[in-house]
Amino acid sequence: MSEIKKNLENIYERIELAASKSGRKIDAITLVAVSKTYPAEKIIEAYNCGQYIFGENRVQEALDKIGILKDYKDIKFHLIGHLQTNKVKYLKDNFSLIHSVDRIELVNEMEKRFSKLNRIQDILIQVNVAKEPQKSGVLPEDFDVLLDKVLKSNFLNLKGLMMIPPFLDNPEDNRIYFRKMYELFEKVNTLKKVEYLSMGMSDDFEIAIQEGSNMVRIGSAIFGKRG
Ligand SMILES: *Cc1c(COP(=O)(O)O)cnc(C)c1O
């Protein structure tokens with residue numbers, strides 16, 4: 001069995017166990033296989049094991065792979081990395097979900113570009129819930145204004161929230177941030193029903209799922225350590 005197949009089976013098992021601890025089934029959790037830095041061949045290998053959703057963090061790198069994989073009609077790409085305003089024009093219909101909407105200026109530019117294409121783009125709002133300096137994501141105190149802006153936009157369709165926790169030796173220490181995100185997710189749901197709470201990576205996805213995540217972004221535990 002290939003390394004990727006072994007890893008994916010291991011991840012599915014661990015997702016199932018973590019989901020069961022919060023009274024859910026494995027199909028309530030969406031796995032985004034984070035393929036950044038890995039070549040298109042690795043994506044095909046994972047696709048052949050039944051994985052259809054892939055996460056990329058750079059627009060140009062993603063577009064290169066999307067070009068190579070254009071005949072694989074059922075592969076979906078999510079953009080999970082920081083999105084510069086000057087890259088918005090390249091997005092077009094390439095991403096089924098954009099996880100990293102985090103500021104008004106970006107919303108304005110996306111609204112402009114997607115209105116020209118007459119495309120309604122599914123997005124998540126990324127929240128810097130731990131208020132780390134220099135980290136992407138809207139600060140909790142600025143969240144309501146951004147949310148309002150997104151809900152009023154005609155071409156961005158809010159599907160949920162995303163967060164990247166602080167990089168800590170012990171991921172247990174991030175449980176409080178996962179919990180805060182879940183509270184925010186519930187609050188958003190009183191205004192608009194949204195589907196996804198995107199949190200949890202290779203080192204902390206079980207904790208994130210226990211705290212209510214339903215979309216995990218896992219890279220190195222599937223594809224191996226990045227160089
Ligand atoms: C790289 C990345 C991941 C995956 O990280 P791993 O530790 O390799 O699982 C998840 N989310 C984002 C936004 C990333 O950039």
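Counting only helices (runs of 4 or more DSSP H) that sit wholly inside segment 159-227, those with at least 3 residues that are more than 16 Å from the ligand (Cβ to nearest atom) are 175-191. Of all residues in segment 27-50, those that are open to solvent by 30 Å² or more (accessible area, probe 1.4 Å) have Cβ atoms under 6 Å from Cβ atoms of residues that are of a type in the set (Lys, Arg), 6 or more apart or on another chain, in Thr37/Arg226; Cys49/Lys5. Any idea how many residues of segment 93-135 are in contact with a strand residue (DSSP E or B) (Cβ under 6 Å, 6 or more places away or on another chain), open to solvent by 10 Å² or more (accessible area, probe 1.4 Å) and polar (S, T, N, Q)? Looking only at that region, the number is 1. Quick check on my filter: what residues within segment 7-26 are charged (D, E, K, R) and open to solvent by 70 Å² or more (accessible area, probe 1.4 Å)? Matches in segment 7-26: Glu9, Glu13, Arg14, Glu16, Lys21, Lys25.
Taking only segment 93-151 into account, find how many residues are assigned to a strand (DSSP E or B) and within 16 Å of the ligand (Cβ to nearest atom). Residues that pass the stated criteria total 11.
Cβ-Cβ distances below 7 Å connect the following pairs, each with a first residue in segment 203-225 that is over 18 Å from Glu56 (Cβ atoms), a second residue that is acidic (Asp, Glu), and a separation of six or more residues or different chains: Ile207/Glu172. Taken over segment 66-88, the criterion of being within 24 Å of Gly200 (Cα to Cα) and either assigned to a helix (DSSP H, G or I) or of a type in the set (S, T, N, Q) (or both) is satisfied by Gln84 alone.
Only one of the numbered conditions (1) among the charged types (D, E, K, R); (2) closer than 18 Å to His82 by Cα; (3) out of contact with any strand residue (DSSP E or B) (no Cβ under 7 Å at 6 or more places or on another chain) is violated by Lys159, and that is (3).
Test of understanding: among Ile29, Ile15, Ile43, Ile53, which residue is within 16 Å of the ligand (Cβ to nearest atom), modelled with pLDDT of 95 or more and farther than 13 Å from Met215 by Cβ? Working first, answer last.
On the way: Ile29 fails: farther than 13 Å from Met215 by Cβ; Ile15 fails: farther than 13 Å from Met215 by Cβ; Ile53 fails: farther than 13 Å from Met215 by Cβ.
Unique residue meeting the criteria: Ile43.
The values are calculated or read from the model by the stated rules, or taken from the named source; none is laboratory data. It should be emphasised that the depicted structure is a prediction, and the values quoted were computed from it without experimental measurement. Reconstructed Cβ throughout: ideal geometry from the backbone, glycine too, with neighbour counts over all protein chains shown. With ligands, DNA and RNA removed, areas are computed over all heavy atoms of the protein, side chains included. Shrake-Rupley method; radii C 1.70, N 1.55, O 1.52, S 1.80 Å.
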